[in-house]
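Rule-based calculations on the coordinates, nothing more; no lab input. Quantities reported herein were computed from a predicted structural model and do not represent experimental measurements. Virtual Cβ from ideal backbone geometry, glycine too; neighbours counted across all protein chains shown.
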Amino acid sequence: MSADQSAGSDRTTHRAPRILCLANQKGGVGKTTTAINLGTALAAVGEKVLLVDLDPQGNASTGLGIAQNDRAITSFDVLLGECALAEAVRSTAVPGFDLLPASMDLLGVEVELADNPRRMHRLADELKALPDLIASGGGHYHYVLIDCPPSLNMLTLNAMVAAQSVLVPLQCEFFALEGLSQLTQTIEQVKVSLNPVLDIQGIVLTMYDLRNNLSGQVEADVRGHFGSLVYQSVIPRNVRVSEAPSFGKPALLYDHKCSGSLAYMKLASELIQRERERANAAA
């Protein structure tokens, strides 16, 4: 086969990336930690991943080793249309895992876009460039993960409009189900008014503490209520996972043998299987 034929074949077989936003209106549930480590785990098994940091705190960017003073171009500039997506995407220390970093400038996005009739669709509009975007190391992206701020604002709505599905990290604590019911209502509202294809891809139980009866109780309640939407993989409360961001590394680079890293590898495998089944059902 000639090089031209090979390239043509690659273009025809290339599938559009799956766009998943990680959202929870409650903070401190392991959302950013899951975005970083799930992305790393997916890249570790050969998937090309782009993480879009939409949280003004920029913790996903910091956790992947991109310092605050090293973010000349960020997701804020992309949302305002001041630069192309390709210009803003950065490679990370993880091969096949790229990042669109965030900065505190995102706090002003609602004011900047107030008069823009496409303000809720700005991220979706920019992500239309994805099929032509080449990942670091070559090839096209298989997954785009969007890390949302822990609140319902224009940034979260932009993520939900751009995404095909929502992945919900859920901390194993007393008020978990109450917060989850609020989130499912929000997703339903977005589906009706802005993005008819949006659904819940899955629910990931995080910060699971085996020494605590409450974790088991919350798990039973969530599984009883949401059934197969809840991933079998459970992310344990783990010191090594908590330490990793301060070194600017995902847990899998910091300590690939710790229980948290192993749990994220298992989650990535389960997510890929779930996505494969979804694709087969749609075919």
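Computed quantities for the displayed model
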quantity	calculated
Likely footprinting exposure, 76, 174, fewest C-beta neighbours within 10 Å first	174, 76
Taking N as its residue count, the alpha carbon Rg of region 127-283 over 2.2 N^0.38 Å	1.12
Unit charges on C-beta of K, R, D, E only; dipole of the chain, Debye	700
Calculated [θ] (222 nm, deg cm²/dmol) that DSSP helices of n ≥ 4 give over the chain, each run adding -39,500 (n - 2.57)	-12500 deg cm²/dmol
Residue with peak Gaussian network fluctuation, the chain [Cα springs, cutoff 10 Å], from 116, 213, 37	213
GNM top mover of 60, 263, 251 - the chain, alpha-carbon springs below 10 Å	263
Calculated Rg and Dmax of the Cα atoms in Å (choose from (1) 18.3, 62; (2) 20.0, 70; (3) 19.2, 62), label	(1)
Dipole of the chain, positive end: most advanced residue of 69, 195, 235 [Cβ charges, Cα centre]	235
Relative exposure of 146, 19, 134, judged by other C-beta atoms within 10 Å (fewest first)	134, 19, 146
GNM flexibility winner over the chain from 145, 205, 271 (Cα, springs under 10 Å)	271
Order of 85, 167 - criterion: other Cβ atoms within 10 Å of each residue's Cβ, fewest first	85, 167
